[in-house]
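Peer 1: Submitted below is the structure of interest, expressed as structure tokens.
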Amino acid sequence: MQRVVAAWFALVAALWSTGVLAQPLTGGADEVKAAYLYRFLAYVDWPDAAFASPNAPIVIGVVGSDAVAAELARVLVGRTAHGRPVAARRLASGDAFDDVHVLYAGDAALLRSAWLQRARERPLLLVADGFQALDAGACIAFVLVDDRLRFDASLRAIDRTGLRVSSRLLALAQRVVGAP
């Protein structure tokens, strides 16, 4: 039990020291979201079938936010996760997302589109903004709490994707809703 507690505190300390946990929003929301999106990768396991090959990159797609896409492209240069390169890809509504593993929807209205309805049953971590994003099917929702960017998680949405999300990530969420 002591090891578990120590590991949890080490994780929180690491996220806090890297500036990812509970970031104040002083004009840098896009940078904070990009950092969160990259850090989420360490806590999610995708089935092998989610990748075209053993060397295929983990792709973070962004729709509805050019600023987050640009920041991700900057942050991800030379980065890896799970032994794979990580890449950012801008998407437009209606684009194929077959090779995308995380999808950030900068416009929460997209969550109700038929295009993103198809994403819900795939091994895709769907992330969006606002408290209502979980009700609209997002796995993770960025929320503003006391001028700090935090996140909520939906167990039901995560379970539907077939992804394995670490309990360590869920422990860092502001709020976790819905039993699978």
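Peer 1: Kindly establish whether residue 26 is surrounded by fewer than 18 Cβ atoms within 10 Å (Cβ to Cβ), modelled with pLDDT of 95 or more and either within 20 Å of residue 118 (Cα to Cα) or polar (S, T, N, Q) (or both).
Peer 2: Values: surrounded by fewer than 18 Cβ atoms within 10 Å (Cβ to Cβ): yes; modelled with pLDDT of 95 or more: no; either within 20 Å of residue 118 (Cα to Cα) or polar (S, T, N, Q) (or both): yes.
It is false that residue 26 is surrounded by fewer than 18 Cβ atoms within 10 Å (Cβ to Cβ), modelled with pLDDT of 95 or more and either within 20 Å of residue 118 (Cα to Cα) or polar (S, T, N, Q) (or both).
Peer 1: If you don't mind, another one. With the structure loaded, tell me whether residue 42 is at pLDDT 90 or above, surrounded by fewer than 22 Cβ atoms within 10 Å (Cβ to Cβ) and in a strand (DSSP E or B) or whether it fails that test.
Peer 2: For residue 42, the condition - at pLDDT 90 or above, surrounded by fewer than 22 Cβ atoms within 10 Å (Cβ to Cβ) and in a strand (DSSP E or B) - is not met.
Peer 1: Still on this structure, please answer the following. Could we say that residue 157 is out of contact with any His (no Cβ under 6 Å at 6 or more places or on another chain), assigned to a helix (DSSP H, G or I) and either of a type in the set (S, T, N, Q) or touching a residue at least 40 places away in the same chain (Cβ under 8 Å) (or both) here? Write out each step before concluding.
Peer 2: Working: out of contact with any His (no Cβ under 6 Å at 6 or more places or on another chain): yes; assigned to a helix (DSSP H, G or I): yes; either of a type in the set (S, T, N, Q) or touching a residue at least 40 places away in the same chain (Cβ under 8 Å) (or both): no.
No; evaluated as a whole, the condition is false for this residue.
Peer 1: Out of (1) free of Cβ contacts under 8 Å to residues at least 12 places away in the same chain; (2) surrounded by 14 or more Cβ atoms within 10 Å (Cβ to Cβ); (3) not aliphatic (A, V, I, L, M), the odd one out for residue 90 is which?
Peer 2: (1)
Peer 1: Residues of region 108-123 being more than 15 Å from the chain's Cα centre (by Cα) and touching a residue at least 24 places away in the same chain (Cβ under 8 Å), which ones?
Peer 2: Across region 108-123, the qualifying residues are 110, 112, 121.
Peer 1: How many of the residues making up region 46-73 are surrounded by fewer than 12 Cβ atoms within 10 Å (Cβ to Cβ), farther than 21 Å from residue 158 by Cβ and free of Cβ contacts under 8 Å to residues at least 24 places away in the same chain?
Peer 2: 2
Peer 1: Name the single residue that is farthest from the chain's Cα centre (by Cα) among those in region 160-171 being part of a helix (DSSP H, G or I) and buried (at least 20 other Cβ atoms within 10 Å of the Cβ).
Peer 2: 161
Peer 1: Among the numbered criteria (1) touching a Ser or Thr at 6+ places or on another chain (Cβ under 7 Å); (2) farther than 18 Å from residue 44 by Cα, which one does residue 123 miss?
Peer 2: With respect to (1) touching a Ser or Thr at 6+ places or on another chain (Cβ under 7 Å); (2) farther than 18 Å from residue 44 by Cα, residue 123 is out only on (2).
The values are calculated or read from the model by the stated rules, or taken from the named source; none is laboratory data. Just so you know, these numbers come straight off a predicted model, no measurement behind them. A quick note on method: Cβ atoms are made from the backbone with ideal geometry, for glycine too, and the neighbour counts reach across all protein chains shown.
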